[in-house]
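Since the structure comes first, as C-alpha cells, the remarks are kept for the end.
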Amino acid sequence: MDYRVIFDCPENERTIKKLIDAASSAGAGKFGNYSRCAIVTTGYGTWKSGKGSHPSIGKVGRISKVRSVKIDMSCPSSKLEAVCNAIRKAHPYEEPNIYFIKVRQC
C-alpha cells in the first residue's frame, strides 16, 4: 500500500519549491520514471496563535489569514518517517500540518 502525504504552506514559490524538493529528496513524489510529482492547490489558511506559540506569520492572540497552498504527493510506506522529517525541517511553520493517508492505487 502506498500513501499520500498532504501538507500546507504559505503561497510562496520559493517555499513551495523548497518543500517539494525536500519531500522528493526523502522519497515522495515518484511515479514510474517520473519524480518530484506533486499536486498544488491554492486557498486560504486561518488560525489563532495561542499563548506560548511563536508564529512565523501573524501575532499571538490574533486570528491570521493568508493565501496558502496544499501540496499532495505520493509516498511509499518505507519512506513515511524520512519524508515527514524532511518536510518538518524545511517548513517555515512552527507546527506544520502533515498528513499521511493510506491509498490503494489501481
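At a threshold of 8 angstrom on Cα-Cα distance, excluding pairs fewer than six apart, so keeping six or more, what relative contact order does the chain reach in percent?
Numbers: 205 pairs, mean separation 48.6, N = 106.
Relative contact order comes out at 46 percent.
A Cα-only calculation for region 2-103 places Rg and Dmax at 14.1, 47 Å.
Counting Lys +1, Arg +1, Asp -1, Glu -1, what net charge surrounds Lys59 among other residues with beta carbon under 13 Å of its beta carbon?
Numbers: positive: Lys48, Lys51, Arg62, Lys65; negative: none.
My count for the surroundings of Lys59 gives +4.
Seen against the Cα atoms of the chain and their longest principal axis, helix 13-25 is set at about 40 degrees.
Which of the aspartates and glutamates could a cross-linker bridge to Lys51, judged by Cα under 18 Å and excluding same-chain residues fewer than eight apart? By straight Cα distance, Lys51 reaches Glu94, Glu95. For Lys89, a cut-off of 22 angstrom between C-alpha atoms picks up these lysines, skipping any fewer than 8 places away in its own chain: Lys17, Lys18, Lys30, Lys70, Lys79.
Readers should treat all values here as calculations from the given coordinates under stated rules, not as data from a laboratory. Remember, it's a predicted structure, so these values are computed and weren't measured experimentally. Note that we place each Cβ from the backbone using ideal geometry, even for glycine, and neighbour counts take in every protein chain shown.
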